[in-house]
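Structure below; questions to follow.
The values are calculated or read from the model by the stated rules, or taken from the named source; none is laboratory data. Nothing here was measured: the structure is a model prediction, and the numbers come from that model. So basically every Cβ, Gly included, is an ideal-geometry build from the backbone, and we count neighbours across all protein chains shown.
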């Protein structure tokens, strides 16, 4: 009850809170267009078009927004969120060749931009379903290298 007195249950219902879970995976890919020559691919994509592929240690930040549950205080249970991410995303891409082994990327150039949008399509409905609509996916940030990352807000 101290928690309710200190913060007031009415405040919990009106404040939006953002929670983030970080997951990691390793994967290889080759960013190239089959309809272009090797020279053109190397000109546009540089080393990312290497015919022998290349790999990254990716970091994925999954941010969920919502109102904390008045009983648990959670926007979403982070253990459950981690399991959703690991089961539906990480296990599909970890130690995989993104060009050849990931069904949801079939026919797509495996850039980080396409990857993060594919992750969104998978995770957004799962977050809604898991929280009975009280929370939603706010953003995804995918780090490809220490200096390169993409952000996506489902737009």
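Can you find a residue in region 104-112 that is touching a strand residue (DSSP E or B) at 6+ places or on another chain (Cβ under 7 Å) and within 14 Å of residue 61 (Cα to Cα)?
Yes, region 104-112 has at least one match.
Right, another one. Go through (1) under 22 Å from the mean Cα position of the chain (by Cα); (2) outside any loop (DSSP other than H, G, I, E, B); (3) modelled with pLDDT under 95 for residue 107 and report which single condition fails.
(2) is the only condition that residue 107 fails.
Quick check on my filter: what residues within region 110-155 are over 28 Å from residue 77 (Cβ atoms), without any contact (Cβ under 8 Å) to a residue 24 or more places away in the chain and in a helix (DSSP H, G or I)?
114, the sole residue that qualifies.
Among the residues of region 95-103, is any in a helix (DSSP H, G or I) and under 17 Å from the mean Cα position of the chain (by Cα)?
Looking through region 95-103, at least one residue is in a helix (DSSP H, G or I) and under 17 Å from the mean Cα position of the chain (by Cα).
Here's another thing I want to ask about it. Return a yes/no flag: does region 71-80 have any residue that is farther than 28 Å from residue 130 by Cα and outside any strand (DSSP E or B).
No, every residue in region 71-80 fails to be farther than 28 Å from residue 130 by Cα and outside any strand (DSSP E or B).
Just one of the numbered conditions (1) under 26 Å from residue 29 (Cβ atoms); (2) in contact with a helix residue (DSSP H, G or I) (Cβ under 9 Å, 6 or more places away or on another chain); (3) surrounded by fewer than 18 Cβ atoms within 10 Å (Cβ to Cβ) is not true of residue 125; which one?
(2)
Then there is this: Scan region 65-79 and give yes if some residue there is crowded, with 16+ Cβ neighbours inside 10 Å, under 28 Å from residue 45 (Cβ atoms) and in contact (Cβ under 8 Å) with a residue 40 or more places away in the chain, otherwise no.
No - not one qualifying residue is present in region 65-79.
Only one of 91, 101 is modelled with pLDDT of 95 or more, in contact with a helix residue (DSSP H, G or I) (Cβ under 9 Å, 6 or more places away or on another chain), surrounded by fewer than 15 Cβ atoms within 10 Å (Cβ to Cβ) and on the phi < 0 side of the Ramachandran plot. Can you tell me which?
Going through 91, 101 in turn, the sole match is 101.
Inspect region 17-31 for any residue being in a loop (DSSP other than H, G, I, E, B), farther than 20 Å from residue 90 by Cβ and at pLDDT 95 or above and give the result as yes or no.
Scanning region 17-31 turns up at least one residue that is in a loop (DSSP other than H, G, I, E, B), farther than 20 Å from residue 90 by Cβ and at pLDDT 95 or above.
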